[in-house]
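Nothing in this text is a laboratory measurement; each read-out follows from the coordinates by a stated rule. Because the structure is predicted, anything quoted here is derived from the model rather than measured. For neighbour counting, all protein chains shown are included, and Cβ atoms are generated from backbone atoms with ideal geometry for every residue, glycine included.
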Amino acid sequence: MTTTAPTTRYRAAIIGTGRPRGQEGASGAAISQFHVKAYLSNNCEVAALADIRPENAEAFREQHGVPDARIFADYKQMLAEVKPDIVSICTWPHLHAEMVIACAEAGIRAVHSEKPMAPTFGEARRMHETCVARGTQLTLNHQRRFETLYTTTKRLIAEGTVGKLVQLQAAAQNLYDWGTHWFDMLNFYNDDEPIEWVLGQIDSRTEHGVFGVRMENQGISNFGYRNGVRGLLITGDAVPGSKGGPTGRAYYMGATHRVIGTEGVIEVGGPDSKLRLLNATTGGFQEVPLDAGPADITEAVAAAIGNALECLGSGERPRLSSYNAIRATELIFATYESSRRRARIDLPLQIEDNPLHAMLDAGLVGPGRKAE
């Protein structure tokens, strides 16, 4: 699957331009900046910008040199009047489901949404199912599937440098906002093998959230793939660096990811080395040069959107398809559900809500926990 710029010139729109990162009053990650750069680098016409504060969209239009982009405060009006080929959704998670479904119902051919998918599993599932039913290509911006650090890791696994896969480990600040990336990456390393079960636990002691979604302070998710590989994600207070240490990254056993095989170990994203390998021929851990490819978020998002556009023309399934994203999302909510039930969860997950939020609201966990 290539990621070259498509030859067809597609018309793109962005919902949620926001304020530039660091500007007074800005509370997001300015992720829309990467989306517009990606569209421009992929020969797209940026036809429309929607933001509830039109002045944000006007500043965005000027900053990125897209003077012909129409500006809307109402994204549904934009969908009806402009009818873009592809829409990026760069709002906070609680708006994703509503907006993705509205795009599908308006007949938009492709949607590239930010992640996490939604605050509840029911909303996330409806996003995916509605787009499938309506023929809308839905992708979620898990752009690390294109970054060379992770594609090189996947190549090393495929070449058998560590033998047969045994376990995939990761560390992150939380299960939801960061976990969506790392669950997706572990799935990526294991060729998106189906997951059969999840056993997890969380601890919540203080008010804690990101982008308007409440999260745990500490968590662990242990899960099993159909091919026998085991996955492990550890999050929060017990993970060095998770509170924004020297690098602002969370590390588990010296790396953000660890790939364990029958004949070796790969460590990904450590504090002193991007990628290193240990097997019978290396004589200890040795740093591995990265393959050519996207090296940062700007390049990775451009590759991701380029791939989505290419697949819009070819009919292939994009690398960041919602078919993959819903499985990472299922791991998040299955971990919360395992904590709620105090039991292993066999997949597929059959819930609608967010179990962590339900436990917080009931006073079972969190600062409002009821005395036993």
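What to note about this one:
- Sequence of HIS257, HIS128, HIS94 once ranked by neighbouring C-beta atoms within 10 Å, starting from the fewest: HIS94, HIS128, HIS257
- Options LEU149, ALA171, THR281, ranked by Cα towards positive dipole end of region 147-287, top entry (Cβ charges): THR281
- For region 303-372, the Cβ-based charge dipole about the Cα centre amounts to some 260 debye (Lys, Arg positive; Asp, Glu negative; other atoms uncharged).
- Rounded to the nearest 20 debye, the dipole magnitude of region 111-256 is 160 debye, with +1 charges on Lys and Arg beta carbons, -1 on Asp and Glu beta carbons, and the Cα centre as origin.
- Spatially proximal lysines relative to LYS154 (Cα-Cα < 20 Å; intrachain offsets below 8 disregarded): LYS164, LYS274
- For the chain, the calculated P(r) over all alpha carbon pairs, in 20 Å bins from 0 to the bin holding the longest distance, is 29, 58, 13, 0 percent.
- Distance from region 111-150 to region 162-177 (C-alpha centre basis), Å: 21
- Charge dipole (debye, nearest 20) of the chain; +1 at Cβ of Lys and Arg, -1 at Cβ of Asp and Glu: 340
- Between region 73-102 and region 201-231, the alpha-carbon centres lie 29 Å apart.
- Sorted peptide list for 61-73, 107-119, criterion being average Cβ within 10 angstrom, highest first: 107-119, 61-73
- Space enclosed by the convex hull of the alpha-carbon atoms of region 34-142, per residue, Å³: 93
- Considering only the chain, percent of DSSP beta bridges that pair antiparallel, nearest 5: 60
- Annotation: lysines with alpha-carbon distance below 23 angstrom to LYS37 (same-chain offsets under eight excluded): LYS83, LYS115.
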